[in-house]
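This report concerns only the one structure given below.
Rule-based calculations on the coordinates, nothing more; no lab input. What you are looking at is a predicted structure, and each value in this text was computed from that prediction instead of being measured. Positions of Cβ are backbone-derived with ideal geometry, glycine not excepted, and every protein chain shown enters the neighbour counts.
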Number of protein chains: 2
Amino acid sequence: MIKIICKISIPFESEKNLKYNVRASSVMHGLLMEKISSDFAEKMHKDSLRPFSQYVRFEKGKNIWTVSAVGQQACENIIVPLMNLKNAYIKYKHDNILFSEAEILKLSYDELLRNNYIETEKYISRIINIITPAAFKSSGNYVILPTLRLIFLSLARKFDNAFGIVNNNYEILAEETEKNISVSDYKLSSASFSVEGVKIPSFSGYINFRISGDTSFKSYVSMLCNFAEYSGIGIKNALGMGQVFSEIKEC
Amino acid sequence: MIKIICKISIPFESEKNLKYNVRASSVMHGLLMEKISSDFAEKMHKDSLRPFSQYVRFEKGKNIWTVSAVGQQACENIIVPLMNLKNAYIKYKHDNILFSEAEILKLSYDELLRNNYIETEKYISRIINIITPAAFKSSGNYVILPTLRLIFLSLARKFDNAFGIVNNNYEILAEETEKNISVSDYKLSSASFSVEGVKIPSFSGYINFRISGDTSFKSYVSMLCNFAEYSGIGIKNALGMGQVFSEIKEC
């Protein structure tokens, strides 16, 4: 497996002049599944894997569809088929959409590590902006008031799944998270997100983290936040939930 | 010890026409300490107890100072001296204030239990409105993104301290909380609160809880929420932090 993550952003116009905001993301999931080969769709189903996330937004007068994939197979089977899309019919909205030129971002595992290497001995600040409603599951229940443990342990698990890492000690990570990460500033509120008419309890907003500890821990957490921009946080990322932007501030 | 909690709310006018909002609460702490006998102040200091909370707010064109006390001794030594206050000089603001008639609420331990007895087999909803910035401390650090565990275990400890209950099993309570309380709806954000020029990291907003489990657990949690209206939540309630209103909705 070549360790790689990809993101494609495709602006599009709606024939009906519709604005596709984040709540339309689950509609775009249908289109994505049409474009993926049935072999690969079957494989994902069999392996119970969702090595991608996607969402749509209306920003600066434009509809933009963004799809991210983790791992070479997912990049080849999910991102490549979207590269030269010209148009599509969105059944749910009875709308034709016309795609413009796509922007593609490719990042290797090594680049992800290198880009997030933190040298400073001081603490760092990193913000996570939650741009589509997010939710976690814990003991079978939806959780909409996130904890540091839920955010970073679930990100670590996503990362490890994506890159085939099997020897992570999540209990030690939980302790380090408790000890070295604090929330310096935030604004969060419950939100609603519907998937095929079913409301999923969720939340949105932003959280600013203060991360201390040794340089390797700070680098690791910073990398998880960067990775989250591809994987999403929490559940149902393939349907548009939990998409985030993250920025680092050295202090 | 007679098991009782009291709350006094005293409207007042400012000679300088100042509005005393919640951020002025720590200023009122000084006035309160002037009114308490030095013997009782000494006793609180020696026992490291703060059996009261207080805050000030400007609401509907009126300044209102509210002080709550838990336990008969605290009610007698803190609330009674405030009952017939006529005026006071607020040094920090170089302001004279004139008190109007006080409103007093008294609740016995038995009334607190009886008022919060939940009969329904269904879940109940209870909201906590955080009206002055709140914060928790955990392992020596400020925590401004609250967890259910922090909220309810710290309330249980306050309640047990207030009423001399010594045999509570907090680990079982933590498990029950995890199992039976969820957040159905909220809006929270970091806030700032200064105590004598020192900024205390804090948060404000509201949280709506959905509480299930047997009737005794629902009654207990409902009572803790009611008690919180007197004790406050989290730290520095004597200086004005963590004051809440709570309402129940049977579902």
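Counting Lys and Arg as +1 and Asp and Glu as -1, each charge on the Cβ, what is the dipole of the protein assembly as shown about the Cα centre in debye, to the nearest 20?
Result for the protein assembly as shown is approximately 860 debye, rounded to the nearest 20.
What are the trypsin sites (Lys or Arg not before Pro) within segment B:1-31 that DSSP puts in a loop, where the Cβ has at most 14 other Cβ atoms within 10 Å?
Here the trypsin sites (Lys or Arg not before Pro) that fit, given the DSSP loop and packing criteria, are B:Lys16, B:Lys19.
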Top positive-direction residue, dipole computed over segment B:40-97 with Cβ charges, set B:Ala88, B:Gln72, B:Ser53: B:Ala88
Exposure proxy order (Cβ contacts within 10 Å, fewest to most) of A:Thr147, A:Thr120, B:Thr177: A:Thr120, A:Thr147, B:Thr177
Sequence-separation-based contact order of segment A:161-251, relative, with Cα cut under 8 Å and 6+ spacing, percent: 19 percent
Signed unit charges on C-beta, dipole axis of segment B:116-250, positive-most listed residue B:Val221, B:Asn116, B:Ser192: B:Ser192
Contour minus Cα-Cα distance for B:Tyr92 and B:Thr215 (0.36 nm per residue): 39.4 nm
Helix axis angle, A:215-231 relative to chain A longest principal axis, alpha carbon, degrees: 10 degrees
Among B:Leu173, A:Ser14, A:Pro146 - extreme Cα towards positive end, dipole of the protein assembly as shown, charges at beta-carbon: A:Ser14
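DSSP loop chymotrypsin sites (Phe, Trp or Tyr not before Pro) in segment A:9-86 with at most 13 other Cβ atoms within 10 Å of their Cβ, which ones?
none
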Point-to-point label distance, A:Lys187-B:Val198, nm (Cα→Cβ direction, 7 Å offset): 2.9 nm
On Cα atoms only, tilt of B:25-35 relative to the major axis of chain B in degrees: 70 degrees
Per residue, the convex hull volume that the Cα atoms of segment B:116-250 enclose (Å³): 105 Å³
Longest DSSP-loop-exposure-free segment, GluC sites (Glu not before Pro), chain A, at most 12 other Cβ within 10 Å: A:1-100
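Mean residue ellipticity at 222 nm from the helices of chain A, using -39,500 (n - 2.57) per DSSP H segment of n ≥ 4 over the full residue count, to the nearest 500 deg cm²/dmol? Intermediate results must be reported in sequence, preceding the final value.
Values: 6 runs with 72 residues, N = 251.
After summing the helix terms and dividing by residue count, I get -9000 deg cm²/dmol.
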Inter-centroid distance (Cα atoms) of segment A:195-251 relative to segment B:108-128, Å: 38 Å
Rg in Å to one decimal, and Dmax rounded to a whole Å, for chain B via C-alpha atoms: 18.1, 56
Gyration tensor (Cα) of segment B:4-109, equivalent ellipsoid semi-axes in angstrom: 23, 16, 12
Length added when fully stretched, B:Asn115-B:Phe40, from 0.36 nm per residue minus Cα-Cα: 23.9 nm
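Quick one: order B:Ile200, A:Ile4 by neighbouring beta-carbon count within 10 Å, fewest to most. Each step should come with its number before you reach the end.
Numbers: B:Ile200 19, A:Ile4 22.
With the fewest neighbours first, B:Ile200, A:Ile4 line up as B:Ile200, A:Ile4.
Which ordering of B:Arg126, A:Arg157 is given by a fewest-first count of other beta-carbon atoms within 10 Å?
Working: B:Arg126 24, A:Arg157 14.
The fewest-first ordering by Cβ neighbours comes to A:Arg157, B:Arg126.
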